[in-house]
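Visitor: First, the structure itself, so that you have it in front of you.
The values are calculated or read from the model by the stated rules, or taken from the named source; none is laboratory data. As the structure is a prediction and not an experimental result, all values here were calculated from the model. Quick reminder, even Gly has a Cβ in these numbers, built from the backbone with ideal geometry, and neighbours come from all protein chains shown. We work out accessible area using only protein heavy atoms, side chains counted, and drop any ligands, DNA or RNA first. Shrake-Rupley method; radii C 1.70, N 1.55, O 1.52, S 1.80 Å.
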Amino acid sequence: MRWDSIISRRPGEKSPVGEFPVKYPVCARVLGPLTLALNNHNATPTAQKQRQLLALLLIRHDTVVPVTTLIEELWNDDPPRSAVTVVQTYVLGIRKKMAVQLGVGQAEVAERFLRTRNKGYSFDVEDCVFDLRDYQSMSAAARCAAKAGDDERAVDLFSAAEALWSGPALVDVEGGIPLAAEISHLDQLRLTDIELRVEAELRLGRHREACADLARLTMQHPLHERLQAYYMFALCRSGQRARALASYQQFSRSMQHELGLDPCQKLQKLHRDILAASDGSVSAMLNSRHAGYLIGWYSPEFRTASAETA
């Protein structure tokens, strides 16, 4: 998706992802640097605490964030006596900037976007182009497709969802405890979606294509045992058994150096089985012993045996 074209979309046109009417040209992003763009102009706050407040409201979009949580985000356990008033001032500042850029009154901004709720505030993204909402929708659709056995659609949706990220979530916002917790949740959700996409690619037999991606992912997550297992599986199925064994040795050394631990039993067994197999038998071995638990794929022989014993 090209966000620059979405930002400048005329009112009444639809988002290609969310398919919702856009009354105002408002674009918000949290999957990367914090961005609030209005009428094709950057309206992102520059003051740190205003950025924290906006980021937390956006990442918890369409839900009420209590003032007490906002105070915790901004000052942790040492708020000033005027904390409630200062939060109100920050909210009013964001509303004022939005109103000026959109050419409407602050009251309308308060009614449609940055709303005051009982003992809190919420940011309504219904009339916005918002990357996190689109990501969550595509992620849910991709998981449904994978569960239904439509791996090609699942890969396409997971890939489109991943393309919405332009860097770590809120990479340029120095957050407090509540925001850090939300970012950690998003990071884990993103990693899980990547794992599910890789599994679907491997079930489709796209082993060579997956190798390049997994080489990068295992470098980014050097102690992630499941990604390492995917990488070894894909390398072997691509005729690179020696490289798979070498990558395990490097991973094992990293585990020992960083954590003082050996790889998990399943990864050790995968390594032993690859080591014991021949180049000609390694693919059949992987399909019969490891594909089931690793990528959710079972050989026809296994499925037939399971059906007979059911």
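Visitor: Considering every residue within region 155-164, establish whether at least one is modelled with pLDDT under 95, open to solvent by 40 Å² or more (accessible area, probe 1.4 Å) and not aromatic (Phe, Trp, Tyr).
Guide: No, every residue in region 155-164 fails to be modelled with pLDDT under 95, open to solvent by 40 Å² or more (accessible area, probe 1.4 Å) and not aromatic (Phe, Trp, Tyr).
Visitor: Another question, if that's okay. In region 221-310, which helices (runs of 4 or more DSSP H) lie fully inside it and hold 2 or more residues that are modelled with pLDDT of 95 or more and touching a Pro at 6+ places or on another chain (Cβ under 7 Å)?
Guide: Working: elements: 225-237, 241-259, 265-276, 282-289, 291-295, 300-309.
Result: 241-259.
Visitor: State which residue pairs qualify: first residue in contact (Cβ under 8 Å) with a residue 40 or more places away in the chain and aliphatic (A, V, I, L, M) and inside region 259-271, second residue open to solvent by 50 Å² or more (accessible area, probe 1.4 Å) and assigned to a helix (DSSP H, G or I) in any location, beta carbons under 8 Å apart, and separation of 6 or more residues or different chains.
Guide: Leu267/Glu225
Visitor: Within region 254-265, take every residue that is within 23 Å of Val282 (Cβ to Cβ) and more than 27 Å from the chain's Cα centre (by Cα) and give me the one that is least open to solvent (accessible area, probe 1.4 Å). Working first, answer last.
Guide: Quick first cut of region 254-265, residues within 23 Å of Val282 (Cβ to Cβ) only: 262-265.
From what's left, more than 27 Å from the chain's Cα centre (by Cα): 262, 265.
Values: Asp262: 94, Gln265: 128 Å².
This residue is Asp262.
Visitor: Among the listed residues Thr44, Thr63, identify the single one that is free of Cβ contacts under 8 Å to residues at least 12 places away in the same chain and on the phi < 0 side of the Ramachandran plot. Before you say what the answer is, go through the steps one by one.
Guide: Values: Thr63 fails: free of Cβ contacts under 8 Å to residues at least 12 places away in the same chain.
One residue alone meets the criteria, Thr44.
Visitor: Between a first residue in region 128-154 that is within 23 Å of Leu204 (Cβ to Cβ) and touching a residue at least 12 places away in the same chain (Cβ under 8 Å) and a second residue that is open to solvent by 50 Å² or more (accessible area, probe 1.4 Å) and among the basic types (Lys, Arg), which pairs have beta carbons less than 7 Å apart while being 6 or more apart in sequence or on different chains?
Guide: Every condition considered, the pairs that remain are Ala145/Arg153; Asp151/Arg203.
Visitor: Does Val67 count as modelled with pLDDT of 95 or more and more than 14 Å from Asp172 (Cβ to Cβ)? Walk me through it before giving the result.
Guide: Details: modelled with pLDDT of 95 or more: yes; more than 14 Å from Asp172 (Cβ to Cβ): yes.
It is true that Val67 is modelled with pLDDT of 95 or more and more than 14 Å from Asp172 (Cβ to Cβ).
Visitor: Filter region 102-126 down to residues that are among the basic types (Lys, Arg) and in contact with an Asp or Glu (Cβ under 7 Å, 6 or more places away or on another chain) and give me whichever is nearest to Thr68 (Cα to Cα).
Guide: Top of the filtered list is Arg115.
Visitor: I would also like to ask the following. Would you call Asp62 over 29 Å from the mean Cα position of the chain (by Cα) and not aromatic (Phe, Trp, Tyr)? Full working, then the answer.
Guide: On the way: over 29 Å from the mean Cα position of the chain (by Cα): no; not aromatic (Phe, Trp, Tyr): yes.
Judged against the criteria, Asp62 is not a match.
Visitor: Considering only region 171-195, how many residues are more than 12 Å from the chain's Cα centre (by Cα) and either surrounded by 14 or more Cβ atoms within 10 Å (Cβ to Cβ) or part of a helix (DSSP H, G or I) (or both)? Explain how you work it out, then say what you get.
Guide: We begin by selecting, within region 171-195, every residue more than 12 Å from the chain's Cα centre (by Cα); these are 171-181.
Now narrow it down to the ones that are either surrounded by 14 or more Cβ atoms within 10 Å (Cβ to Cβ) or part of a helix (DSSP H, G or I) (or both): 173, 175-181.
Result for region 171-195: 8.
Visitor: Next question, about the same structure. Taking region 45-91, which residues are of a type in the set (Val, Ile, Thr), closer than 25 Å to Gly32 by Cβ and open to solvent by less than 20 Å² (accessible area, probe 1.4 Å)?
Guide: Within region 45-91, Ile59, Val65, Val91 qualify.
One line per residue, one yes/no per condition, for (1) among the acidic types (Asp, Glu); (2) touching a Phe, Trp or Tyr at 6+ places or on another chain (Cβ under 8 Å); (3) more than 20 Å from Asp151 (Cα to Cα); (4) open to solvent by 70 Å² or more (accessible area, probe 1.4 Å):
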{"position": "Leu202", "(1), (2), (3), (4)": "no, yes, no, no"}
{"position": "Ala210", "(1), (2), (3), (4)": "no, yes, no, no"}
{"position": "Gln220", "(1), (2), (3), (4)": "no, no, yes, yes"}
{"position": "Leu227", "(1), (2), (3), (4)": "no, no, no, no"}
{"position": "Leu235", "(1), (2), (3), (4)": "no, no, yes, no"}
{"position": "Gln240", "(1), (2), (3), (4)": "no, no, yes, no"}
{"position": "His271", "(1), (2), (3), (4)": "no, yes, yes, no"}
{"position": "Asp279", "(1), (2), (3), (4)": "yes, no, yes, yes"}
{"position": "Tyr293", "(1), (2), (3), (4)": "no, no, no, yes"}
